[in-house]
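Worksheet: one structure, shown below.
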Amino acid sequence: MASRRRRSPAESRAELLAAAAGLIRERGPDNVSLRQIAEAAGVAHGLASHYFGTYAALVREVLRAENDRIEARVRERIQAEDGVPTAAGIMGVLFDTLADESYLRLFVWAEMHAEYRGAARPELVELVDTMEAGIRAALAGGPVPSRARIEAVVLVGLSAAYGFAIGGRSWLAGLGHDPGDPAYEAEFRVQLARMMGAHMVEEACSPVGE
């Protein structure tokens with residue numbers, strides 16, 4: 001247990017978040033409580049409840065921080081590609097992130113929890129904003145896909161990537177393949193990126209009014 005000391009509200013909140021992230025990564029979200037997090041951070045249990053209200057709300061904050069990290073990596077990937085957010089680049093970030101089983105357990109727990117489902121996701125809006133800006137800059141003067149098409153491609157990519165991360169190994173085994181062979185995931189990435197890219201370009205290249 002961390003020693004208790006005088007600290008500002010901002011410091012207490014930050015240390016609670018850090019302690020929560022560490023314990024959740026170590027034990028999984030189903031095996032941690034607000035009291036354990038408060039003890040690890042060296043603050044009174046009442047402070048954890050005061051700052052976050054419920055354990056689910058605290059998990060949501062931890063997940064938001066993880067999603068911010070993912071968004072930052074996507075931004076870095078876009079910048080590295082000179083403003084061209086390719087489907088393959090975005091899929092690479094997503095699959096690399098979802099290879100982290102601790103993050104995946106956190107995401108699934110939060111999505112299944114009644115207090116979290118349907119919560120606003122400003123970081124997702126910002127991600128689409130970043131992609132749209134990059135696409136428009138890269139295709140300046142030419143036809144570009146609509147915001148709705150970009151959002152649809154992002155949703156398809158997220159759904160497929162998370163679905164494969166959760167069930168891919170079981171599905172591959174069920175098809176008689178070796179789930180530990182990385183070639184299957186690599187091929188899935190390639191095919192998914194190809195379909196996403198084609199869907200994006202399809203609208204951008206379509207005649208006006210079609």
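Only the coordinates and a few stated rules stand behind these numbers; no lab work does. These figures come from a predicted structure and were not determined experimentally. Don't worry about glycine lacking a Cβ; one is built from the backbone with ideal geometry, like all the others, and counts go over all protein chains shown.
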| message | Suppose each label sits 7 Å from its Cα in the direction of the beta carbon; what would the residue 146-residue 44 distance come out to in nanometres? | response | 5.6
| field | Inter-site label distance for residue 99 and residue 124 at 7 Å from Cα along Cβ, in nm | value | 2.5
| query | Once phi is turned into ³J(HN,Hα) by the Karplus curve 6.51 cos²θ - 1.76 cosθ + 1.60 with θ = phi - 60°, what whole-Hz value does each residue of the stretch 102-112 show in order, with x for glycine and proline? | reply | 5, 5, 4, 4, 4, 4, 4, 4, 5, 5, 8
| What is the set of long-range amide H partners of residue 44 at a cut-off below 5 Å, with H atoms built 1.01 Å from backbone N? | none
| How much length is gained if the chain between residue 158 and residue 177 is pulled fully straight, taking 0.36 nm per residue apart and subtracting their Cα-Cα distance, in nm to one decimal? | 4.5 nm
| field | P(r) histogram, all alpha-carbon pairs of the stretch 1-53 included - 10 Å bins from 0, percent | value | 28, 59, 13, 0
